[in-house]
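Asks: Can you read through this structure? Questions will come right after.
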Amino acid sequence: MIKVKPIDLKERDELEPLLVANPDVIEQGLQIVCHQLMTDSGPLDILAVDDEGTLVIIELKNEAAEGHLDQALRYYDWCRQNISWISKATVIIIMSTRTLYLG
């Protein structure tokens, strides 16, 4: 059984370094490729690869709002066009209220 310790995060910027340092809290075997990767649509928060070689695009948000899904899909399109080894990709949007998995 996994024990979860609640932490109090005030800002999205506090979450990113924790996830980069501990990617297994998102998915077991996840390896961080980079974070804050500049794309045509702005900086992609976290880019990772899972244990099956699937590219994982992770976006962090303070709250749910219109346009977050569109932005994540623009990052997905950018990755498909600019990273040649991608055969599969998953998008994860982590918000303070919920997490969306698109794969």
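Asks: Looking at 7, 94, 86, which one is loosely packed, with under 14 Cβ neighbours inside 10 Å, among the aliphatic types (A, V, I, L, M) and modelled with pLDDT under 90?
Replies: Within the list 7, 94, 86, the selection yields 7.
Asks: So, in the stretch 52-83, exactly how many residues are more than 14 Å from the chain's Cα centre (by Cα), surrounded by 13 or more Cβ atoms within 10 Å (Cβ to Cβ) and under 21 Å from residue 14 (Cβ atoms)?
Replies: Of the residues in the stretch 52-83, 1 are more than 14 Å from the chain's Cα centre (by Cα), surrounded by 13 or more Cβ atoms within 10 Å (Cβ to Cβ) and under 21 Å from residue 14 (Cβ atoms).
Asks: Also, quick follow-up: Report yes if residue 49 is over 9 Å from the mean Cα position of the chain (by Cα) and among the aliphatic types (A, V, I, L, M), otherwise no.
Replies: When the stated conditions are applied, residue 49 passes them.
Asks: Within the stretch 77-92, how many residues turn out to be over 17 Å from residue 41 (Cα atoms) and in a strand (DSSP E or B)?
Replies: The total comes to 2.
The values are calculated or read from the model by the stated rules, or taken from the named source; none is laboratory data. Fair warning: this is a prediction, and the values are worked out from it, not measured in the lab. Positions of Cβ are backbone-derived with ideal geometry, glycine not excepted, and every protein chain shown enters the neighbour counts.
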